[in-house]
Amino acid sequence: MGARLVILISGRGRNLRALTEAVRDRRIDAELVCVISNRADAEGLAYARAAGIATEVVAHIDFTERSAFDAALAARLRTYAPDIVALAGFMRVLGDDFVREFAGRMLNIHPSLLPKYAGLQTHRRALAAGDAEHGATVHFVTPEVDGGAQVIQGRLTLQPDDDEARLAERVMGEIELKIYPQAVAWMARGDLRLVDGAAVYKSRRLDQALTMAQLEEAFR
Ligand code: GRF
């Protein structure tokens with residue numbers, strides 16, 4: 001049996017869908033044991049339920065302290081003994097204790113060419129800056145928000161008619177839905193690890209993120 005995968009979401013769940021499909025068709029050698037949302041109304045939850053995946057809600061609004069939410073989420077997560085925790089549009093910042101507990105097992109996808117535009121409204125910021133390129137990055141999660149070791153980064157060239165919505169859609173469709181399943185597949189296979197804070201891919205320490213050129217045929 002493959003790695004035990006838990007996916008954390010807050011919203012629409014397009015990355016969740018792509019990961020679920022890749023697990024189903026065995027491109028990712030993992031068992032998707034649970035989807036956890038911090039919002040009861042996340043669209044992705046309905047998808048997961050319909051797909052027959054176990055779901056849980058740990059609602060941040062039920063907690064006044066951030067640390068109490070983290071502790072409750074960690075406790076839920078622990079019961080699933082995950083080998084991989086994939087944050088897929090999970091919109092809460094996790095505290096140091098939480099991150100330390102799941103360090104090396106936890107990946108995130110962020111819609112920017114990190115280290116540019118950590119945080120929110122990345123597409124708007126790239127447009128406002130007049131950037132020539134934009135993209136998305138998969139990285140290990142460390143206490144620094146969107147700052148952990150990078151795994152794979154995809155980029156696209158901005159087009160004159162890109163507005164925020166169109167750009168978000170292009171980054172999602174052309175990049176995110178490809179690089180995230182690929183990164184999780186590598187991790188499930190044991191080809192991707194975090195060693196002393198650095199991403200290691202097939203025994204090679206990555207000084208910079210892999211690129212779309214490294215996508216395997218099944219993920220292009
Ligand atoms: C994605 O752009 C992801 O990179 C970001 O939030 C968005 C979530 O979209 N962190 P979805 O829930 O996967 O549809």
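The values are calculated or read from the model by the stated rules, or taken from the named source; none is laboratory data. Since the model is a prediction, treat every value here as computed from it, not as a measurement. Cβ: placed from backbone, ideal geometry, glycine included. Neighbour counts: every protein chain shown. What goes into the accessible areas is simple: the full protein's heavy atoms, side chains included, and nothing from ligands, DNA or RNA. Shrake-Rupley method; radii C 1.70, N 1.55, O 1.52, S 1.80 Å.
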Could you go through the range 108-121 and let me know if any residue there is of a type in the set (Ser, Thr, Tyr) and in a loop (DSSP other than H, G, I, E, B).
yes
With respect to the numbered conditions (1) under 25 Å from MET172 (Cα atoms); (2) in contact with a strand residue (DSSP E or B) (Cβ under 6 Å, 6 or more places away or on another chain), which one is the sole condition not fulfilled by LYS116?
(2)
Restricting the search to the range 140-169, which residues are under 29 Å from LEU5 (Cα atoms) and either open to solvent by 30 Å² or more (accessible area, probe 1.4 Å) or within 11 Å of the ligand (Cβ to nearest atom) (or both)?
THR142, PRO143, GLU144, VAL145, ASP146, GLY147, GLN150, ARG155, ALA168, GLU169
Filtering the range 9-53 down to residues that are touching a residue at least 40 places away in the same chain (Cβ under 8 Å) and more than 15 Å from the ligand (Cβ to nearest atom), which residue is farthest from ARG78 (Cα to Cα)?
ARG27
I need the full set of residues from the range 88-108 which are within 21 Å of ALA18 (Cα to Cα) and open to solvent by less than 10 Å² (accessible area, probe 1.4 Å), in order please.
ALA88, MET106, LEU107
Output the residues belonging to the range 123-138 that are within 11 Å of the ligand (Cβ to nearest atom) and within 13 Å of GLN153 (Cβ to Cβ).
GLY135, ALA136, THR137, VAL138
Can you find a residue that is within 16 Å of the ligand (Cβ to nearest atom), crowded, with 22+ Cβ neighbours inside 10 Å and either hydrophobic (A, V, I, L, M, F, W, C) or not in a loop (DSSP other than H, G, I, E, B) (or both) anywhere in the range 62-84?
no
